[in-house]
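Trainee: I'd like to ask some things about the structure below.
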Amino acid sequence: MKVIPLFQLPVESTEPAITCSTCAACCCQLEVMLITDTGVPERFIDTDDWGGEVMLRLDDGWCAALDRDTMMCTIYDRRPLICREFEMGAPECITEREGIATAYL
Ligand code: SF4
Ligand code: SF4
């Protein structure tokens, strides 16, 4: 029998890792204002009540640019500045994940 030294045994974390690949793109339900021109296609742009440009959201609540099958951004290279600055694992990210945590139970 091969003995594996204790320090080589894999350590299971009890905390689920926070990563976009295990997330239902929670942050893509937030209102995203377009404050710079990053080349977002017109068909994904909506106007808010004050005349400002925002990402269009569909009836399911998610951004129109989100692929519903893969839950990935279809305009990643042209995504708005706010999306670029929304940091995975930051407090805002954790809050959004908690808010949708029961949606798939
Ligand atoms: S940034 Fe956070 S909330 Fe947004 S998709 Fe990634 S893990 Fe989910
Ligand atoms: S533009 Fe992309 S990253 Fe930004 S909210 Fe829409 S789908 Fe999410």
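The values are calculated or read from the model by the stated rules, or taken from the named source; none is laboratory data. These numbers were taken from a predicted model, which means no experiment stands behind them. Ideal geometry is used to build each Cβ from the backbone, glycine not excepted, and the neighbour counts take in all protein chains shown. Areas reflect the complete protein model, heavy atoms only, side chains present, ligands, DNA and RNA absent. Shrake-Rupley method; radii C 1.70, N 1.55, O 1.52, S 1.80 Å.
Trainee: Does ARG97 satisfy the criteria of being in contact (Cβ under 8 Å) with a residue 12 or more places away in the chain, outside any loop (DSSP other than H, G, I, E, B) and surrounded by fewer than 10 Cβ atoms within 10 Å (Cβ to Cβ)?
Mentor: Judged against the criteria, ARG97 is not a match.
Trainee: OK, next. Listed residues VAL54, VAL40, VAL32; which is within 9 Å of ligand 2 (Cβ to nearest atom) and touching a strand residue (DSSP E or B) at 6+ places or on another chain (Cβ under 6 Å)?
Mentor: VAL32
Trainee: Let me ask something additional. Run THR38 past the list (1) under 15 Å from the mean Cα position of the chain (by Cα); (2) of a type in the set (Ser, Thr, Tyr); (3) open to solvent by less than 60 Å² (accessible area, probe 1.4 Å) and report the number of the one that doesn't hold.
Mentor: Result: THR38 fails condition (1) only.
Trainee: Quick test for you: out of ASP69, ASP59, pick the one residue that is at pLDDT 95 or above, out of contact with any helix residue (DSSP H, G or I) (no Cβ under 7 Å at 6 or more places or on another chain), more than 11 Å from ligand 2 (Cβ to nearest atom) and not in a helix (DSSP H, G or I).
Mentor: ASP59
Trainee: Can you name the residue in the range 82-94 that is within 10 Å of ligand 2 (Cβ to nearest atom) and either under 18 Å from ARG57 (Cβ atoms) or among the hydroxyl-bearing types (Ser, Thr, Tyr) (or both) and is also surrounded by the most Cβ atoms within 10 Å (Cβ to Cβ) among such residues?
Mentor: Across the range 82-94, the extreme among qualifying residues is CYS83.
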